[in-house]
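Please treat every number below as a calculation from the coordinates, not as lab data. Everything quoted here is computed from the prediction, not taken from an experiment. Every residue, glycine among them, receives a Cβ derived from its backbone with ideal geometry; neighbour counts consider all protein chains shown.
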Amino acid sequence: MKSLENKVAIVTGASSGIGKAIAILYAAEGAKVIVSDIAEAGGNETVADIKRNGGEATFVKADTSSPEDCENLVQQAVKHYGGLHIAVNNAGIGGPIKPVGEYPIEGWDKVIAINLSGVFYGMHFQIPAMLASGGGSIVNMASILGKVGTKGSPAYVAAKHGVIGLTEAAALEYADQNVRINAVGPGYILTPLITESLDEATLKMLVGLHPMGRLGASEEVAELSLWLNSDKASFVTGSYYNVDGGYLAQ
């Protein structure tokens, strides 16, 4: 039996990169997947990839910084597939690169709205639906920068630290109600966001930050997320797992 057989899952930010890899893997493991993103073309491409491989998926456009969109996302999961058992709150942005004293206020507001408030809005509507479905599991996508700082990204660092704290608080609240909640912290992952925005010298510098001597692959993050959202991790909640090629061990 597949590890997510008969489960209904929401994956946000699933038009490319880590979110797409997670949606495809979850579908391959038997889940019915609500693929969500603001990018319709990429989201529909993810759904097409899933269906080509015999899986089941539906695209729902949603901006995670909108509580109304997050509520509708859950409603669509229940409408299409009859319930909700799994969620991956993965959608996020990098934001401007500036020190605190020069960081644009509107940039701060946008990063916090998507990367932190979006996770709260997601869980706010996902958890009641999971309780109604008999329980469930959530993975919130944090970052290595949820545990340490870096120069020039104060909003991103603050948001990802917040995601870990929010995950721990929510996990405690629902630990005795059959809802598990964990966070994953990727290192620098070779996604379109990285490859399309950075030059060769910067990429080489990022590789050098990881003791394994390479960047991670989206599929490697997806595998950790799959384990956490499967019954194999049935005694795991309120935890943070980094997948970072040794970055945080330094």
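Using a/c under 1.5 as the rounded threshold, could you call the stretch 134-221 rounded, prolate or oblate? The axes a ≥ b ≥ c are square roots of the C-alpha gyration tensor eigenvalues, and prolate needs a/b larger than b/c, oblate otherwise. Judged from the Cα gyration tensor, the stretch 134-221 comes out prolate (a/c at least 1.5, a/b above b/c). The mean sequence separation of alpha-carbon pairs under 8 Å and at least six residues apart, normalised by the residue count of the chain, gives a relative contact order of 19 percent.
Going by neighbour counts of Cβ atoms within 10 Å, the residues Val163, Val100, Val33, Val148 line up, fewest first, as Val100, Val148, Val163, Val33. The computed Kirkwood radius over Cα pairs in Å for the structure shown corresponds, within [x] 26.2; [y] 20.3; [z] 18.0, to [z].
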